[in-house]
Each structure stands twice: as structure tokens, then as C-alpha cells.
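Structure first, then comments.
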Amino acid sequence: MNPSHDLQGLKKKAKETFLYALSALLLGIAIGAIDAVFGRVLLFITDFRSAHVVVLLPFLPLAGLGIVWLYRHFNETAAKGMTLVMEAGQGKRESIPLALIPLVMAGTWITHLFGGSAGREGVAVQIGATLSHAFARRFHFPDNGRILLIAGMAAGFGGLFQTPFAAVFFAMEVVVSGSMAYSALLPAAIASFAASATSHALGLEKFSVLLSQTLSLTDTKTVTYLILFGILFGLTGRLFAVLLQKVKQFMGNVLENPYKRIGFVSIPLAVFLFLMWNGRYCGLGTNLIAQAFSGGELYTFDWILKLLFTVLTLSIGFQGGEVTPLFSIGASLGFVLGSLAGLPPMVCAALGYAAVFGSATNTLLAPVLIGMEVFGVENGLAFFAVCLVAFLVNGNRCIYTAQKRSFW
């Protein structure tokens with residue numbers, strides 16, 4: 001053993017840790033600022049569309065054609081979205097085109113303005129991953145910037161939803177299911193918290209609900225219902241992931257031309273979105289979430305219609321994420337199940353909110369943490385139990401088809 005070599009090794013490690021921490025902080029601030037702009041514009045668009053849905057929804061097919069033209073004209077590779085992020089995180093891809101950032105932001109804004117059923121988290125994660133990966137390559141970080149890419153993903157998620165703990169573990173869990181890169185833990189935490197604080201300071205509000213009731217896990221009947229709910233939430237997330245993959249494949253085979261695919265299919269899509277209560281299932285699904293946690297009117301079929309409309313919207317080429325619709329699907333289903341079982345509907349809606357997201361993304365810790373960060377820690381054990389069952393029922397399915405599996 002050479003003490004001088006050990007000291008040099010410690011100095012090198014300390015310098016490397018400092019550089020990662022500083023880089024994560026700077027990236028977190030930058031990504032949080034972009035998240036704030038993206039998120040606030042999207043909220044304005046959502047309110048504007050809700051007020052003028054009758055006028056805007058008929059133009060959904062033209063909006064779809066515009067999105068396809070943007071990608072084909074400026075950078076067609078960027079249309080792969082989360083697949084690029086996953087491949088870069090797994091070392092299968094050297095770079096992610098920077099053009100992805102403006103294209104995915106514009107495409108998502110257009111999708112939501114004209115009534116498509118889609119989310120937003122995929123955009124934020126892609127923005128964070130693309131920016132951090134480019135930064136790592138520019139300054140020659142080792143391991144092709146994988147650590148900073150995970151930190152960027154955490155910053156994107158954390159900045160948009162302001163759930164930094166969930167964001168850290170989502171980024172670490174989702175790239176390779178069953179394996180977490182703990183070397184990215186510190187940079188991911190710094191980037192996530194920095195992004196969350198920055199977006200909040202710039203006026204992007206966090207969604208949170210204070211639940212007044214808690215579930216007792218000492219009651220056999222309650223535990224039995226939670227296990228049943230976990231199974232149903234897991235199957236729902238699995239259904240979403242499987243349908244999304246199959247419908248994308250089917251649409252790609254039947255209508256190979258992306259202009260025809262989005263142009264033709266979005267015509268009946270727009271018609272049915274309009275017929276279903278003047279756009280009840282358009283956009284993020286935050287209207288359904290609000291109904292679930294305000295004691296408003298929810299239908300027993302809200303969750304499945306939102307699921308089908310979101311799958312179809314994303315399968316034909318519209319842009320946006322899946323997570324916020326998954327939140328709305330889970331909350332709607334959970335509210336209905338809780339009402340039927342005689343359990344507090346809002347608590348059950350919260351459990352569905354977290355567990356369906358976890359099942360569809362094939363993650364376990366992230367949904368438990370997001371449940372506690374959004375709804376409080378009082379039902380923490382219930383969140384863990386339901387999300388665990390949902391994760392096991394999921395069968396290793398994932399909305400991100402490029403996710404790598406290290407087990408099962």
C-alpha cells in the first residue's frame with residue numbers, strides 16, 4: 001500500500017465529485033428555468049383550449065400535419081424522443097440531437113392547443129437529458145456523460161412536477177429496470193432539487209393535495225382491498241403500456257406515411273373527442289384529477305376512455321408525455337374503486353395516481369415517493385403496499401420500449 005497513491009486517489013475522487021456536483025447544480029438551474037417556461041406556457045394553452053375547444057378541436061388533423069412537417073424538415077431523428085434518451089443512458093447512442101428540445105416543446109404545445117390527449121413529463125425528461133448529455137460531451141466527462149444524463153432526467157422531471165425525491169429515483173430506475181446507478185445519486189439529487197427550486201421561483205406551481213384521511217393497515221378488510229386495488233392498478237398500467245406499443249406498431253404498418261397516419265386518423269379522433277362531453281378527454285387530464293380530489297363528478301368509465309384517447313393520440317405521431325394522463329387514469333379509477341369498496345375515495349384516488357404511473361413505467365420507488373410528495377407521508381405504507389403489488393403485476397412492461405431489463 002502506497003500512502004501517496006491513496007492520497008492522490010482521494011484528491012482525484014474529490015475533484016471529480018466536486019465537478020459533478022457543480023455541473024449538476026448549473027444544469028438543474030438551467031433545466032428548471034426551461035421547465036418553468038414550458039410548463040407555464042402549457043398551462044396557458046390548456047386554459048385557452050378549454051375555453052375555445054369547439055373552435056380549436058376541428059383543426060387537430062392540420063395541427064398533426066404541422067408537427068410531422070416540423071420533425072421531417074428540421075430533424076427526423078428527434079421524433080424518437082425517449083428512445084434516444086434510453087439508448088444514450090444505456091451506452092447504445094453517442095449523442096442526442098439538440099434540435100429535439102425546441103421540436104418536442106413546440107410539438108407538445110401544438111398537440112395540447114388543438115385538443116390531443118397527451119402528457120408533458122416526457123418533454124421535460126427529454127429536455128433535461130438532451131441538455132445534460134450535450135454538456136457532458138462538450139466538457140468530456142467520462143462514461144459518455146451517463147451520470148449527468150441521469151441527473152438531467154431527474155432535473156427535467158423534478159423541475160416540472162416539483163417532486164425532487166421521486167424525480168431522482170425515477171431517473172435512476174427507468175433507464176435499466178432492476179438496476180440503479182448509485183454513482184449518479186448525488187448529481188441527480190442536486191440537479192433535481194435545483195430544478196425544482198428554480199421552476200418554483202419562476203412561478204410554476206406544484207400540484208399537491210392534503211389528504212385528511214388515512215388508511216389503517218391493521219384492518220384485514222382494508223389490507224385485502226389494497227391488495228386488490230394494487231392488482232387492478234398494475235393491470236391498468238400494463239394495459240396502457242401494451243396497448244401503446246401494439247397500436248403504434250399497427251398504425252405504422254397500416255399507414256407507413258406519417259402524414260397519412262396522423263392526418264387520416266386524427267379526423268375520427270377529433271370527432272370522438274368532441275362528442276365526449278366537448279373535450280372532456282382532451283389534454284393532460286388535469287380536469288379529471290381535479291374532480292377526483294374536489295369531490296366532483298367522475299364517471300365509472302372516465303379512466304378507460306382517457307386511456308384509449310391517450311394511446312391513440314400518441315400512437316399516430318402527436319407529441320407529449322404519458323405520465324400526467326396516467327395520473328388522471330389512476331386517480332379516476334381509484335376514486336371509483338374507493339367509492340365501491342366503502343374506503344375514502346380521495347385516498348384511493350391518490351393510491352391510483354401513484355400506482356398506475358409506477359406500473360406503466362415499470363418503476364417502484366418513484367411512484368411511492370411521488371405519492372408521498374404530492375399527498376403527504378401519512379399514507380406512506382399504503383402507497384408502498386399498493387405500488388409494490390402494481391409493480392409485481394406489471395410483468396416488466398413499460399411505456400418506454402427501449403427500457404433495458406436486468407432481471408425477469
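Just so you know, all these numbers are worked out from the coordinates, no wet-lab data involved. Note that the structure is predicted; figures quoted are calculated from it, not measured. Reconstructed Cβ throughout: ideal geometry from the backbone, glycine too, with neighbour counts over all protein chains shown.
Quick check: pseudo-label points 7 Å beyond the Cα along Cα→Cβ at residue 54 and residue 26, how many nm apart are they? Taking the two extended label points, one gets 5.3 nm.
The stretch between residue 339 and residue 228 holds 38.5 nm of extra length on full extension. This uses 0.36 nm per residue minus the Cα-Cα distance. A simple spin-label model places the labels of residue 278 and residue 186 5.6 nm from each other, with each point 7 Å out along Cα-to-Cβ. Among the helices of the chain, those built from whole DSSP H runs whose Cα atoms reach 27 Å or more along their own axis and whose mean Kyte-Doolittle hydropathy is at least 0.5 are 3-51, 220-254. For the listed peptides 264-274, 101-111, 342-352, 219-229, a ranking on the average number of other beta carbons within 10 Å per residue, highest first, reads 342-352, 101-111, 264-274, 219-229. What is the sum of charges, Lys and Arg at +1 and Asp and Glu at -1, for the other residues whose Cβ falls under 15 Å from the Cβ of residue 299? Here the count lands on 0. The convex hull of the Cα atoms of region 220-405, projected and averaged over all directions, covers 10.5 nm². Taking a straight line from the alpha carbon of residue 260, these lysines sit under 26 Å away, with near neighbours fewer than eight places off in the same chain left out: 80, 246, 248, 306. Summarised as an ellipsoid, the chain has semi-axes of 33, 28, 19 Å, derived from the eigenvalues of the Cα gyration tensor scaled by 5 and square-rooted, with the largest first.
What is the gain in length, in nm to one decimal, between residue 95 and residue 217 on full extension, counting 0.36 nm per residue of separation less the C-alpha to C-alpha distance?
39.2 nm
Gain on full extension, evaluated as 0.36 nm per residue between residue 8 and residue 62 minus their Cα-Cα distance, stands at 13.3 nm.
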